[in-house]
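Take a look at the structure set out below.
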Amino acid sequence: MESAGRTGSRLGKVSELTIIVPFAPGGADRLRAFLKLFGGNLAGADDVGTVHGMRFVCLDNDTRTLFATAYDGDWDAYIDDFATKIPDFLDIIDSAWEGWPGIRSPRRRTTSRSTRSLPRAGTSRTT
């Protein structure tokens, strides 16, 4: 297991990231409505060739969300793919998160530093 760049872990060519972030006010409802609109199918993510999968889980009475993703390569390439290929899609989803600066913000690359990456089951957390 090695670092996937600024954040996340990589084994071989596939990187993964799991974070828990607080919802912005009304964020859980907005995220659910968006996912319901698309029938839970994040087909827009197919435009980002680096993505293998994404999951959202509402936690703690809708005060926080767990986001988990698996993708090819490093974090910067992954987030840059979203910024160039489906920026509005990502902003709609992540605007549910407290403190999301927007995909067009230069802060998008460092926002993950303020979140907490969690280890996969059976692995230890490294910072």
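The values are calculated or read from the model by the stated rules, or taken from the named source; none is laboratory data. What you see is a predicted model, and the numbers here were worked out from it, not measured in a lab. A quick note on method: Cβ atoms are made from the backbone with ideal geometry, for glycine too, and the neighbour counts reach across all protein chains shown.
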- Message: Being within 18 Å of Y78 (Cα to Cα), among the aliphatic types (A, V, I, L, M) and part of a loop (DSSP other than H, G, I, E, B) is the filter here; which residues of the range 23-67 pass it?
- Response: L42, V48
- Query: Got a sec? Which of L31, L66 is touching a residue at least 24 places away in the same chain (Cβ under 8 Å), among the aliphatic types (A, V, I, L, M) and either touching a Pro at 6+ places or on another chain (Cβ under 7 Å) or surrounded by 18 or more Cβ atoms within 10 Å (Cβ to Cβ) (or both)?
  - Reply: L31
- Item | Top-ranked residue of the range 44-63 - restricted to ones that are touching a Gly at 6+ places or on another chain (Cβ under 9 Å) and crowded, with 18+ Cβ neighbours inside 10 Å, ranked as modelled with the lowest pLDDT | A45
